[in-house]
1. If you take the residues of the stretch 146-178 that are part of a loop (DSSP other than H, G, I, E, B) and of a type in the set (A, V, I, L, M, F, W, C), which of them is farthest from the ligand (Cβ to nearest atom)?
2. May I ask you to list the residues in the stretch 57-101 that are under 20 Å from VAL118 (Cβ atoms) and within 11 Å of the ligand (Cβ to nearest atom)?
3. Kindly indicate whether VAL25 is under 18 Å from ALA113 (Cα atoms), assigned to a helix (DSSP H, G or I) and within 16 Å of the ligand (Cβ to nearest atom).
4. Which residue, of ALA103, ALA84, ALA113, is under 15 Å from ALA33 (Cβ atoms), at pLDDT 95 or above, surrounded by 15 or more Cβ atoms within 10 Å (Cβ to Cβ) and out of contact with any helix residue (DSSP H, G or I) (no Cβ under 9 Å at 6 or more places or on another chain)?
5. Identify all residues within the stretch 112-144 that are in contact (Cβ under 8 Å) with a residue 60 or more places away in the chain and either in contact with a Lys or Arg (Cβ under 7 Å, 6 or more places away or on another chain) or acidic (Asp, Glu) (or both); write none if there are none.
Amino acid sequence: MECNDVILSRYSVRKFLPDPVPQFVLTEMLEAARLAPSTQNKQPWRFIVLQNPDKIKSMAFNCGLIGLSNFFIRSAPCVVIACADTEQNVKINGQDYYLVDTAIAFQQMMLIAWSHGVGSCWLGAFSEKRLKPWLGISDNWRIVALSPFGYPAEKQGLYAKVVKAFAGSKDRLPLDKIVRYLD
Ligand SMILES: Cc1cc2nc3c(=O)[nH]c(=O)nc-3n(C[C@H](O)[C@H](O)[C@H](O)COP(=O)(O)O)c2cc1C
C-alpha cells in the first residue's frame with residue numbers, strides 16, 4: 001500500500017482473527033518504530049511484545065478497572081506495550097518529550113502494520129499502577145500506550161460499533177477549524 005492509502009484507510013480495529021502476526025511483519029513494525037525521530041535522538045521508547053495467548057489474557061486482566069472497556073484485547077494474537085525510559089527524557093517548555101517521541105514511534109509501528117493489513121487500536125485506558133508490577137519494568141519506565149495487533153475480523157462486532165459511535169470515530173474537524181495560515 002502507498003503511504004497515503006495507509007493513512008487514509010487506517011481505522012481502530014477492535015476485533016481480530018486468531019491468525020498470528022507473521023514474524024517478518026512484526027520485525028518491520030519494530031524497525032519502523034526504531035527509526036522514528038526523537039528529541040535529541042534520545043530514543044526513549046521501549047517495546048514489550050506479547051504473543052502468548054495466556055500472557056495476553058493475564059495482561060488484559062491486569063489493565064485494571066479502567067481497562068475493562070478494552071477487554072477485547074484478550075483475543076488479539078499480539079499486543080505491544082509502548083513504554084518509555086524517562087531517564088532519556090528531554091524537557092522543553094515544561095513538556096516531557098518522551099511522550100511525544102514514543103507516540104511518534106508507536107504510530108509509525110501501527111502504520112507499517114496496516115500497510116501489511118495488520119490492524120491495531122491505540123489504547124490509553126489501562127491502570128499503569130497495576131500493569132507496571134505485572135510487567136516487572138523498572139521504576140523509571142512509564143507505560144505510554146498499548147495496542148493489540150492482528151488481522152481484522154471481517155465483522156467488527158457490536159462492541160466496536162458502540163465505541164465508534166460513542167467516540168465519533170469517523171468524524172474529523174475540517175481543516176479550517178484546525179489550521180491557521182499566518183500571512
Ligand atoms: C491516546 C489515545 C488513546 C486511546 N484510547 C483508547 C482506548 O482506551 N480504547 C479504545 O477503544 N480506543 C482508544 N483510542 C482510539 C480512538 O478512540 C480512535 O483513534 C478515535 O476514535 C478515531 O477512530 P479511528 O482510530 O478508527 O480513526 C485511543 C486513541 C488515542 C490516540
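The values are calculated or read from the model by the stated rules, or taken from the named source; none is laboratory data. No experiment lies behind these values; they were computed from the predicted model shown. In this analysis, Cβ positions are derived from the backbone assuming ideal geometry, glycine residues included, and neighbour counts consider all displayed protein chains.
1. Initial filter on the stretch 146-178 (part of a loop (DSSP other than H, G, I, E, B)): 151, 153-156, 168-174.
Restricting the remaining residues to those that are of a type in the set (A, V, I, L, M, F, W, C) gives 153, 173.
On the way: ALA153: 15, LEU173: 12 Å.
Checked the stretch 146-178; the qualifying residue farthest from the ligand (Cβ to nearest atom) is ALA153.
2. Result: ASN70, PHE72, ILE73, ALA82.
3. Values: under 18 Å from ALA113 (Cα atoms): yes; assigned to a helix (DSSP H, G or I): yes; within 16 Å of the ligand (Cβ to nearest atom): no.
No; evaluated as a whole, the condition is false for this residue.
4. Details: ALA84 fails: out of contact with any helix residue (DSSP H, G or I) (no Cβ under 9 Å at 6 or more places or on another chain); ALA113 fails: out of contact with any helix residue (DSSP H, G or I) (no Cβ under 9 Å at 6 or more places or on another chain).
Testing whether each residue is under 15 Å from ALA33 (Cβ atoms), at pLDDT 95 or above, surrounded by 15 or more Cβ atoms within 10 Å (Cβ to Cβ) and out of contact with any helix residue (DSSP H, G or I) (no Cβ under 9 Å at 6 or more places or on another chain) leaves just ALA103.
5. Within the stretch 112-144, TRP114, CYS121, TRP141, ILE143 meet the criteria.
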